[in-house]
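Visitor: Before I ask anything, here is the structure I am working with.
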Amino acid sequence: MPQYGAIIAGTGSHVPEKRLTNDDLSRMVDTNDEWIVQRTGIKERRIAANGESTATLAAAAARKALAAAEMAPEDLDLVVCGTISGEMIFPSTACFVAAALGLNSTPAFDVSAACSGFIYTLETAANFIKAGRYENVLAIGAETLSRITDYTDRGSCILFGDGAGAVVLRRGEPTRGLVYSGLHADGHGWEMLCCKPGSRHPISESLISERDQFMKIRGREVYKFAVQRFEELIEDALRKCELTTDDVKLIVPHQVNQRIIDSAMEKLGLGADKAYVNIDKYGNTSAASIPIALDEAVRAGRIAPGDTIILVAFGAGLTWANAVIRM
Ligand code: COA
């Protein structure tokens, strides 16, 4: 057991005001509220306004997490941000967030693991604490997916939304906080979910004419992958931590699709209320989905100090990850 634990000292989240409902989408593409609700559970998502961006949402979530932890930005030793829709190609979104918090020498960097991004970020942040390197670390998941969503593609534009969540980790006793985490990736599956602009496909007229500046997804394939991984990740977390499902207060999954969550929970023999779900309000916000859900669950009293929770996520890469937290 490590000498130190990385304890959750505070959580925060922030979403844009602007709502995009299913009815709004039905005026943009050939879809309807009934289809979207039945297939995904999503009723609306939040969309960043002009002037809002990944870093502004992230900084707002970070301020709330710091307030909950009763800490000032100056108490932070490190800022880590999980995102795939960063402020710019570079600098990192974390640098913009640190600057927005008034910091001018605190280290800051991003983690890119798509929808698994928050668990990758949390584990990275926690390891700096567990290694004895830092005492207080800010772990963020933030996205403005609306900026890379193709609103002419009904297969993908119904799914995604914008938002940010943050957690302040603090050094504490080793039996609490992030007690287990498993990270996985298989790059062979990159084409199932991707957004092409980059060194392989620099932005060009032909890239734009193919609408390849936007995310592309193979929904059906991702659906099967997510259901399978969801179950495996929960079973792995229980086995590795010698827990029964009765020991687990709440599962906070990546908000991928209500049907995927329901089907996995059923296969695991767990009641639907054991999973925290808010996909109806926000859609899939990739790296932001777990920290937003976690913050809501904490503030709603669904999780209290001493409770054990499991996080599971899966997404582009392909990547998948789980985490067990003793609050
Ligand atoms: N409105 C109405 N009809 C739609 C539609 C929409 N928004 N999107 C697709 N359809 C149609 C399809 O064209 C297809 O029609 P066809 O049978 O005439 O060909 C039919 O609905 C079924 O499409 P399919 O893609 O098989 O539906 P699905 O049940 O798999 O649901 C998703 C589609 C995208 C909701 C679902 O696959 C999913 O959630 N996948 C994972 C999402 C994901 O990748 N998330 C990001 C990574 S974490």
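The values are calculated or read from the model by the stated rules, or taken from the named source; none is laboratory data. Predicted model, so just to flag it, every value in this text is computed and none were measured. Backbone-built Cβ (ideal geometry, glycine too); neighbour counts: all protein chains shown. Only protein heavy atoms, including side chains, enter the accessible area calculation; ligands, DNA and RNA are left aside. Shrake-Rupley method; radii C 1.70, N 1.55, O 1.52, S 1.80 Å.
Visitor: Just name one of Leu78, Ala6, Leu20: the one whose Cα is farthest towards the positive end of the charge dipole of segment 5-177 (beta-carbon charges, Lys/Arg +1, Asp/Glu -1).
Guide: Ala6
Visitor: Could you list, in their original order, any pairs among Lys43/Lys267; Lys64/Lys274; Lys43/Lys274; Lys18/Lys43 whose Cα atoms are separated by more than 19 Å?
Guide: Numbers: Lys43/Lys267 25 Å; Lys64/Lys274 26 Å; Lys43/Lys274 21 Å; Lys18/Lys43 14 Å.
Lys43/Lys267; Lys64/Lys274; Lys43/Lys274, as the Cα separations exceed 19 Å there.
Visitor: Something else about it: Name the lysines eligible as straight-distance cross-link partners of Lys196: C-alpha to C-alpha under 20 Å, and not fewer than 8 places from it in the same chain.
Guide: Lys216
Visitor: For segment 5-177, give the magnitude of the charge dipole about the Cα centre (Cβ charges: +1 Lys/Arg, -1 Asp/Glu; no others), in debye to the nearest 20. Mind dumping the intermediate values first?
Guide: Working: 16 positive and 21 negative charges, 57 e Å.
Dipole size: approximately 280 debye.
Visitor: Spin-label point model (7 Å from Cα, Cβ direction): what's the Glu17 to Thr244 distance in nm?
Guide: Modelled inter-label distance: 5.1 nm.
Visitor: Also: Assuming R0 = 35 Å, can you tell me the calculated FRET efficiency for the pair Ser204 and Val37, based on Cβ-Cβ distance, to the nearest 0.05?
Guide: On the way: r = 38 Å, r/R0 = 1.10.
The value I calculate is 0.35.
Visitor: Further question on the same structure: In whole angstrom, note down how far apart the Cα centers of segment 63-107 and segment 223-278 are.
Guide: A separation of 30 Å, based on Cα centres.
Visitor: Evaluate the charge dipole of the chain about its Cα centre and quote only its size in Debye, nearest 20, assuming +1 on the Cβ of each Lys and Arg and -1 on the Cβ of each Asp and Glu.
Guide: Values: 34 positive and 41 negative charges, 22 e Å.
Approximately 100 debye in magnitude.
Visitor: With helices defined as uninterrupted DSSP H runs, which ones in the chain have an alpha carbon span along their own long axis of at least 24 Å and mean Kyte-Doolittle hydropathy of at least 1.0? Walk me through the numbers before you get to the answer.
Guide: Details: long enough: 219-240 (30 Å, -0.65).
The answer is none, since no helix passes both cut-offs.
Visitor: Could you work out the longest stretch of the chain that avoids the GluC sites (Glu not before Pro) located in DSSP loops with at most 12 other Cβ atoms within 10 Å?
Guide: That would be 71-241.
Visitor: If you roll a 1.4 angstrom probe over the protein chains with everything in place, what fraction of the accessible area of segment 5-177 belongs to carbon and sulfur, to the nearest %? Provide the component values of the computation, followed by the final result.
Guide: Details: 3340 of 6830 Å².
Within segment 5-177, the accessible surface is 49 percent carbon and sulfur.
Visitor: State the extension gain, in nm to one decimal, for the chain segment bounded by Leu270 and Met88, taking 0.36 nm per residue of separation less the distance between their alpha-carbons.
Guide: 61.4 nm
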